[in-house]
Structure formats: C-alpha cells, structure tokens
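The values are calculated or read from the model by the stated rules, or taken from the named source; none is laboratory data. Please read these numbers as outputs of a predicted model, since none were measured by experiment. Ideal geometry is used to build each Cβ from the backbone, glycine not excepted, and the neighbour counts take in all protein chains shown. SASA here: full protein model, heavy atoms, side chains in, ligands and nucleic acids out. Shrake-Rupley method; radii C 1.70, N 1.55, O 1.52, S 1.80 Å.
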Amino acid sequence: MKNILLLNKIAKVGTDRLDPAVYTFGTEVTAPEGIMVRSANMLDMEFNPELLAIARAGAGVNNIPLDKCAKEGIVVFNTPGANANGVKELALCSLFLASRDIVGGIEWVKTLAGDENVAKTVEKGKSQFAGCELKGKTLGVIGLGAIGGMVANVAVHLGMDVIGCDPFLSVEAAWNLNHHVVRASSYEEIYKKADYITIHVPATPDTKGMINTVALAAMKDGVKVINLSRDTLVNSADMISALESGKVSCYVTDFATPELVGVKNAILIPHLGASTEESEDNCAVMAAMELDDYLANGNIKNSVNYPNVSMPRSGDVRVCVLHENIPGMLNLLTGVVSEEGLNIENMTNKSRGSFAYTIFDVNGAVSDTAAAKLAALNGVIRVRVI
C-alpha cells in the first residue's frame, strides 16, 4: 500500500480517483509516498525519505519549497487550468465592479433601513454610483494562458476591444484565442491603449512588482486595473498613490493586504478566484491523477520543479532516474544499464534548468545491484524501479 498524506481538505471526487486497493490516504498517515495539498504552508517542513511527490490542488505553489524538493528528488505538481473557469468568471465580475460603483451603492442602500420612502430616496441618490458600460472600451490582458485567454475571449463577446500580450504564449493557447484579440508587442503598448487592464501571469522574480510607478505612469488616466493572480505582482504603495491621484480610478484585487484595506476605490475580494465547488473538484481530480500516474508509472505531467516526461509502458520493467542536468549523464546511465545486461526497449530524457529526468523501459529483471549502481552515479538524485 502507498500512503498519501492530505494536508488540507481535498474534494472527495479527487481522492475517489485513488484506488483503495493501492492507496491509503488521510490526514494522519505516516511515511507518505505522496502528499496532496492546497494552501497549507510546507516551506519549513522536513520531508521523510519515502516521499516521492507533492500534488498541489491549485495553480500557485508559493507554499511549497520547490528547490528543496527538487534536490531531494520530490516531484511537485500543480493543476494549471483546473480552476480557470472559476477565475474567469470572477474576472468578468471584476470588470463590472470596476465600471460601476455597485459595491458602494449596495452599502449605501443598507443605510436606508427604516426609510419609508426608500424608493424615492434611491432615485434621488443613485446618480452618485453611476458608471460606464464595457462595450466599446479597450481591455488589455497581460498573460494569455488558461485564464487570461478565457477572459480575453469573453470580453470580445461583451463588445470590448481586446489587446493581449504574452511573451511565453504557447501554440495551443494561441489556437484557443478569438481571432478578434489583437496581439500587443509589449506590455507598454497595453499600458498606452487600455481602459481596463487585467493581469494573469505567475508570480516570479521577474514579475514581482511589475505594476509599479513606472508602469502606472505609462497607463491612461483613469485606468481600471484588475489583479486576480498574485498580490506580489502589484506594488501596493505605488497603487495607493495612483488611486489617490486618480491615475487609477479603480483597483480590483483578490488579495487583501493591510495597506490596501479601506483605501478609496480599491475593491478587495477575499481570495475567491478558485473558491467554487467546480474548481475545487477539478483541481482535486487533476492532482490525484497526476500523483497516481507518477507513483504507478513514473510519468510526470504538470510538474513545476522537474521536466514533464511521459511515455507509454513497454518492456518488463521501468527505471526512473531523477538527476542533475550535467553533461555526459545520459551516457553514464545507459552505460550502467548495458553493463547489467539489460536491453533498453524504450527511453526518454528531458531537462528543466538544473534538473533532468530519464525513463528507461527495459527487458529483464532489474537487480538491486543495478539500481544501486545507478543511484551511486555522481549527479543522480533518486532512482525508482517500477
């Protein structure tokens, strides 16, 4: 039996994908081979030597020590796109919230409790909450992946002029874009043209604070900014200054920070982007399937610290080797396999930054001695024989 530790509540539809004849899972299991997690902080965790993989039921992995895991031969997965529709719908809601003072209007009406002439009072006071329509306005989408692409497409159907920029746009993502979405050559082009800007990029050292004084100065006066991706993408102090000056007329974000709470024209949503039943189910299912395929077959899909490597099973035994991405490693690995008299039926190898992964499907039995020889090679991190 393989033990799977659940660090958060994981939707049952996901854990149901784990065969009870193969897996034991729960919040109290010991020496887990796999972990399923949502938001639990794992940054200071010590990992048991049996741990092979961590599956994050969601896209963000800033709660997991990726480099530490890679060095210990622990593959970390996330679930890109599983919550995309939920976030897309919240982005659509954010466009409306930024256009009209709906939140302010609702709060004002609450103050009219007991007013017998509330209908007349509302008619007299409603003009203070008036706004504009989305149709005919320009939306700039920064990041056109699973979520950004969906937001861009739905905005086209709302009658908006949509421009998007994504230096890392995949061919698949490009095929899914509505042909009316115009490609911007740079973020600066979006800043210059957009009435609304929505951000859908990952949090990396390169994107930290990308929306700052310089970027804001390049935007149109009265621009509306939406950030449902990560709080670190926007410099809060610079955004507050832009709100106070009117450079930004509204900032909608899914991330409440102490300095933004109570700031006029900042609408703070309590991190609801993926908080739908459907998103949680989709993430749990994808995480469970990724974990199962890796533990059972050694296939890696949607890893954030190792390359994605998978191939159909062939031969008698599969040998999986996580190793450093250094010259000559593949020759060393195949040399050991040949010395042990094993015939390679099929193999694949890929690298990602400092780390790489090689799979061999071989005919014949793989002895403990052969596995130990592979594990002893300089640069090899972990060897599994499945």
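Restricting everything to alpha-carbon atoms, can you work out Rg to Rh for the chain with a Kirkwood hydrodynamic radius?
Looking at the chain, the ratio lands at 1.07.
Can you give the relative contact order of the stretch 39-171 as a percent, counting alpha carbon pairs under 8 Å and 6+ residues apart?
Here the relative contact order equals 20 percent.
Against the 2.2 N^0.38 Å scaling, with N counting residues, where does the stretch 269-328 land? I'd like the Cα-based Rg ratio to two decimal places.
It is 1.55.
First measure r as the distance between the Cβ atoms of residue 103 and residue 28, then evaluate 1/(1 + (r/R0)^6) with R0 = 51 Å and state the FRET efficiency to the nearest 0.05.
0.75
When only C-alpha pairs under 8 Å and at least 6 residues apart count, what is the relative contact order of the stretch 164-273, in percent?
Relative contact order here is 21 percent.
What length, rounded to one decimal in nm, is gained on full extension from residue 9 through to residue 369, with 0.36 nm per residue of separation minus their alpha-carbon distance?
Full-extension gain reported as 125.5 nm.
Over the stretch 169-325, what portion of Cα pair distances is larger than 25 Å, expressed as a whole percent?
I get 50 percent for the Cα pairs in the stretch 169-325 exceeding 25 Å.
Short version: what are the Cα gyration tensor semi-axes of the stretch 243-386, square root of 5 times each eigenvalue, largest first, in whole Å?
For the stretch 243-386, the ellipsoid semi-axes come out as 48, 18, 11 Å.
At 1.4 Å probe size, with every protein chain present, just tell me what the per residue accessible area of the chain comes to in Å².
That works out to 49 Å² per residue.
For the stretch 182-271, state the semi-axes of the equivalent ellipsoid (square roots of 5 times the eigenvalues of the alpha-carbon gyration tensor), sorted largest first and rounded to whole angstrom.
Here the semi-axes work out to 19, 16, 11 Å.
For residue 224, give me every one of the aspartates and glutamates with a C-alpha distance below 12 angstrom, ignoring sequence neighbours fewer than eight places off in its own chain.
Once the sequence-local aspartates and glutamates are set aside, what remains near residue 224 is 195.
Grab the beta carbon distance between residue 121 and residue 213, set R0 = 35 Å, and tell me the FRET efficiency rounded to 0.05.
The computed FRET efficiency comes out at 0.25.
What angle do you read, to the nearest 10 degrees and between 0 and 90, between the alpha-carbon axis of helix 329-339 and the longest principal axis of the chain?
So the helix axis and the longest Cα principal axis differ by about 30 degrees.
Helix 277-297: angle to the longest alpha-carbon principal axis of the chain, degrees 0 to 90, nearest 10?
Helix 277-297 sits at roughly 20 degrees to that axis.
Given the pairs 120/247; 2/68; 9/110; 88/301; 2/71; 9/264, which span a C-alpha to C-alpha distance of over 28 angstrom in this model?
The pairs that break the limit, which is 28 Å between Cα atoms, are 120/247; 9/110; 9/264.
May I ask for the distance between the Cα centers of the stretch 229-281 and the stretch 294-311, given as a whole number of Å?
So the separation of the two Cα centres works out to 35 Å.
For the stretch 70-124, restrict the atom set to alpha-carbon positions and state the Rg and Dmax in Å.
Rg, Dmax (Cα atoms, Å): 22.0, 69.
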